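Visitor: Structure below; questions to follow.
The values are calculated or read from the model by the stated rules, or taken from the named source; none is laboratory data. Just so it is clear, the model here is predicted, and its values are computed rather than measured. Neighbour counts are summed over all protein chains in view; Cβ atoms, including those assigned to glycine, are modelled from backbone coordinates with ideal geometry.
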Amino acid sequence: MNIGMLAGKLRRLGLTLLLVTAASVALGAIAATPQGRDTLVYKDGDRVRGTFVSDAGGTIVFKSERFGELRVPAADAVVIKSEKPAAPAAVAGAGAATPLPPKTTTASEKAETDRLSLWDLFSPAVLTAKVRNYFGPWHGRLSFSSEVVSDVADRNNSAYEAHLQRKWKADEVQLNARFDYNQTNHVTTTDLAKVSGQWRHDFSPRFFAHYRPSSEWNRASTLRGAPNDYVLLQQELGVGYQVLAKPGRKLRAGVSQNLFDTWSTVGATTHTVSRGVVSTFEEAEVTLPWRITISQRGVWYPVNEQPYGWENRIDLNKKLTETLSTSLRHEVRRNNPDGSAQDYTRLKLLFGLDF
């Protein structure tokens, strides 16, 4: 065999190896591309990569690469399914295509892939996804309000709230917790913790019943100039009629039987009041353009031996995004029938994280 023939065979062999190597690299790149990943897209544009699991009962189950399994209401997001890559064709001259081994990644490459920026870790969309995954079918809001003022007096006001809600076909459950703290010239003027709940059952599209327990602990109350710290337990059991039940417009009214129990915490804790009072109530909900909602609830306590009591709360809520909102709240309470709870008028601006 002369040198020319040997060189020709070597050139052909090198060309074959080059073609096989190029085909292997191309197939490896196809296998490594993220075409097999689905995308969960929220209404505000936030996206999460992963694998779509199911969509049943109005809830999307999505297994994300970074946050684990997410459960998102179908009304809040959509899933863009990936286009599955076609099976690679056989390489000419190399026989039938054989499965390629999975591409291995180094620890540094994996760390770079899983790395999240500081903004990603604390962005509202990521926080909301984590909270939604934790609470499952429950929806709610975490809110806060804070103010520090220094003029003729030094004032420090803050408020924190948590709200959970879940609905079934004929039932609705709500759980609420709040804490208000105000200080003026280093003297505490408000130190109030309150938890409440509501269970409402619809017997028909018009008639319903509800049970509303609440507990209030005030550690900075005064009554006629004297310290009056107390714990108040109120239970309300009522029936009502839905006067208006249109999309975006609701109006309810009814009557309730209330049981008040009060414990004084000044000195030794003593049970001071236990009484039952009848009340009437009305509730209204209105949805406006630009994602603005107004909710209001008023209660009237007709009591013979003392001035009539009443309380009212109105919330003006504006959703900034699917996960962020702000609300303006006005609350009034006068002559609570228990006889010792503190009257108040409050106006607060709150910022919330919805889930």
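Condition check ((1) in contact with a Lys or Arg (Cβ under 9 Å, 6 or more places away or on another chain); (2) at pLDDT below 95) across all residues:
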position	(1), (2)
G248	no, yes
Q257	no, no
G267	no, yes
T272	no, yes
V286	yes, no
R297	yes, no
N304	no, yes
P307	yes, yes
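Visitor: Go through F355, F351 for me and flag whichever is of a type in the set (F, W, Y), in contact with a helix residue (DSSP H, G or I) (Cβ under 8 Å, 6 or more places away or on another chain) and touching a residue at least 60 places away in the same chain (Cβ under 8 Å).
Guide: F355
Visitor: Which of the residues that make up segment 314-347 are charged (D, E, K, R) and either surrounded by fewer than 15 Cβ atoms within 10 Å (Cβ to Cβ) or not in a loop (DSSP other than H, G, I, E, B) (or both)?
Guide: D315, K318, K319, R329, E331, R333, R334, D343, R346 - these are the residues of segment 314-347 that are charged (D, E, K, R) and either surrounded by fewer than 15 Cβ atoms within 10 Å (Cβ to Cβ) or not in a loop (DSSP other than H, G, I, E, B) (or both).
Visitor: For segment 304-321, name all the residues that are touching a strand residue (DSSP E or B) at 6+ places or on another chain (Cβ under 6 Å) and either charged (D, E, K, R) or farther than 13 Å from W290 by Cα (or both).
Guide: G309, W310, E311, N312, R313, I314, D315, K318, K319 - these are the residues of segment 304-321 that are touching a strand residue (DSSP E or B) at 6+ places or on another chain (Cβ under 6 Å) and either charged (D, E, K, R) or farther than 13 Å from W290 by Cα (or both).
Visitor: Pick from segment 61-81 the residues that are in a strand (DSSP E or B) and under 16 Å from the mean Cα position of the chain (by Cα): which of them is surrounded by the fewest Cβ atoms within 10 Å (Cβ to Cβ)?
Guide: Only one residue fits best here, namely P73.
Visitor: Separate question: Check G352, G276, G298 and return the single one that is assigned to a strand (DSSP E or B), within 30 Å of R71 (Cβ to Cβ) and among the small types (G, A, S).
Guide: Only one candidate qualifies: G352.
Visitor: In addition: Could you please let me know if A226 is touching a Lys or Arg at 6+ places or on another chain (Cβ under 8 Å) and either assigned by TED's automatic domain parsing to the domain that holds E331 or not β-branched (V, I, T) (or both)?
Guide: no
Visitor: Still on this structure, please answer the following. State all residues of segment 309-327 that are at pLDDT 95 or above and among the aliphatic types (A, V, I, L, M); if no residue qualifies, say none.
Guide: Hits for segment 309-327 are I314, L316.
Visitor: Moving to a separate point now. Mind telling me which of the residues T345, T323, T265 ends up being in contact (Cβ under 8 Å) with a residue 40 or more places away in the chain and within 21 Å of D180 (Cα to Cα)?
Guide: T265
Visitor: Here is a follow-up. For segment 240-262, which residues satisfy the criterion of being exposed (fewer than 14 other Cβ atoms within 10 Å of the Cβ), touching a residue at least 12 places away in the same chain (Cβ under 8 Å) and assigned to a strand (DSSP E or B)?
Guide: Of everything in segment 240-262, those that are exposed (fewer than 14 other Cβ atoms within 10 Å of the Cβ), touching a residue at least 12 places away in the same chain (Cβ under 8 Å) and assigned to a strand (DSSP E or B) turn out to be Y241, A245, R249, V255, Q257.
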